[in-house]
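Only one structure is covered here, and it is reproduced in the block below.
The values are calculated or read from the model by the stated rules, or taken from the named source; none is laboratory data. Everything numeric here is computed off the predicted structure, so don't read it as measured data. Positions of Cβ are generated from backbone atoms using ideal geometry, with glycine treated the same way; all protein chains shown enter the neighbour counts. What goes into the accessible areas is simple: the full protein's heavy atoms, side chains included, and nothing from ligands, DNA or RNA. Shrake-Rupley method; radii C 1.70, N 1.55, O 1.52, S 1.80 Å.
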Amino acid sequence: MKTTKPIAITLGDPAGIGPEIIVKAFRDAPDATRGCFVAGDVATVRAACAALASPGQLAWPVALLDSASEAVDVPPRCVPVLQVVEPPPVIAVGIVSALAGKVAGDCVVWAARAALHGDIAAIVTAPLHKESLAAAGFPYPGHTELLQAESAAYLGRPVSKVPVRMMLATDELRTVLVSIHMSLRNAIDAVTFEGVLQTLRITHSALGAALGHAPRIGVAGLNPHAGEGGLFGSEEQHIIAPAIAAARAEGIDAHGPYAPDTVFMRARGKPGRKGEFDVVVAMYHDQGLIPVKYLGVDKGVNVTLGLPLVRTSPDHGTAFDIAGTGRADASSLIEALRMARTLAGVGRDKAAVTSV
């Protein structure tokens, strides 16, 4: 299966580094951005192009699209943009604002609906600022929950019936989270038999389709030393281990629970040597994300599993502290674009995809 449909890159928060890294990706990685376009605001992208131009040089040009389908025929050495939001007034860089949050959120909503209707092959989301998104009135803590809600509405299901999980991936390590954006206290309560089993099912299905084989899943415990036989907590005995057993009964290659301070090292792959596991299922946000980000935040890619669409994103935020300075690194966005192309089968045979 191949597709020639374009990939949409959502603008992200216009007050952050999103517009800058998008322009850098088109400028520096033509292989990754071929057939892609920006779902956003033309003036914001033009301003980013101008800010990145060297003294005495012309700004990188912007190609204004009339439809998403035109992106596949855009010549190289320009940034194709489809205006999908009402043109905003000038937005101050590096400052939280409801206006910036509305632009960022509206771009994601447009892209989600385009993907769900089959108009685009995938979505790559530049970073948005959760505080700005909330100030704009979006009742979601981030991209994942917004895309989940849009998918549920499209499918005519309750949001709870569209379970999603976050996977963070680098060349060395992949991890999938049982819970995503919630307080640590609530995240501990979210470690339930059903939640862990559902995470294992989603991981097995989604990653198996990408790898071309059933993934070897290592499961982290919740407590130090995975509970040490109940001395440091009983969640491993009463919740996590039974969920793993249930998953294995369904044919899922899951193992654990293992001590959280060593399972990621066991799963880490290196050149010429695969890790013991293809992916680690972590019990909460920071448990899973810290080891992946430590290994290389510039190469990390966030993938949302369980959606009826392909969505990836860079592994960093809006970086308001350096927005507008030209110092932002586009490497993670470029990796997210390459991952989206692979997952969506853009320009290649999906059956041959084995490198995710």
(request) Would you mind stating whether L305 is at pLDDT below 95 and under 30 Å from G118 (Cβ atoms)? (result) yes
(request) Evaluate the following for I7: is it surrounded by 19 or more Cβ atoms within 10 Å (Cβ to Cβ) and touching a Lys or Arg at 6+ places or on another chain (Cβ under 8 Å)? (result) yes
(request) Residues being without any contact (Cβ under 8 Å) to a residue 60 or more places away in the chain, more than 19 Å from M166 (Cα to Cα) and outside any loop (DSSP other than H, G, I, E, B): count how many of those fall in the stretch 110-132. (result) 2
(request) Could you tell me whether any residue of the stretch 161-184 is in a helix (DSSP H, G or I) and open to solvent by less than 70 Å² (accessible area, probe 1.4 Å)? (result) no
(message) Take residues that are touching a His at 6+ places or on another chain (Cβ under 8 Å) and tell me which of the helices (runs of 4 or more DSSP H) falling wholly in the stretch 4-58 contain 3 or more.
(response) none
(message) Can you go through S97, S54, S67 and tell me which one is polar (S, T, N, Q), out of contact with any strand residue (DSSP E or B) (no Cβ under 6 Å at 6 or more places or on another chain) and within 29 Å of V159 (Cα to Cα)?
(response) S97
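Yes or no, residue by residue, for (1) open to solvent by less than 10 Å² (accessible area, probe 1.4 Å); (2) touching a Phe, Trp or Tyr at 6+ places or on another chain (Cβ under 9 Å); (3) within 18 Å of A254 (Cα to Cα):
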{"residue": "Y284", "(1), (2), (3)": "no, no, yes"}
{"residue": "G288", "(1), (2), (3)": "yes, yes, yes"}
{"residue": "K293", "(1), (2), (3)": "no, no, no"}
{"residue": "D298", "(1), (2), (3)": "no, no, no"}
(request) Could you identify the single residue in G326, G256, G272, G218 that is among the small types (G, A, S), touching a helix residue (DSSP H, G or I) at 6+ places or on another chain (Cβ under 9 Å) and surrounded by fewer than 18 Cβ atoms within 10 Å (Cβ to Cβ)? (result) G326
(request) Report, ordered by the first and then the second residue, all pairs with beta carbons closer than 8 Å, sequence separation of six or more or different chains, a first member in the stretch 195-209 that is without any contact (Cβ under 8 Å) to a residue 60 or more places away in the chain, and a second member that is open to solvent by 40 Å² or more (accessible area, probe 1.4 Å) and of a type outside the set (S, T, N, Q). (result) R201/E250; H204/A214; H204/D253; G208/A214
(request) Looking at (1) under 13 Å from A8 (Cα atoms); (2) crowded, with 21+ Cβ neighbours inside 10 Å; (3) of a type in the set (D, E, K, R), find the lone condition where R113 falls short. (result) (2)
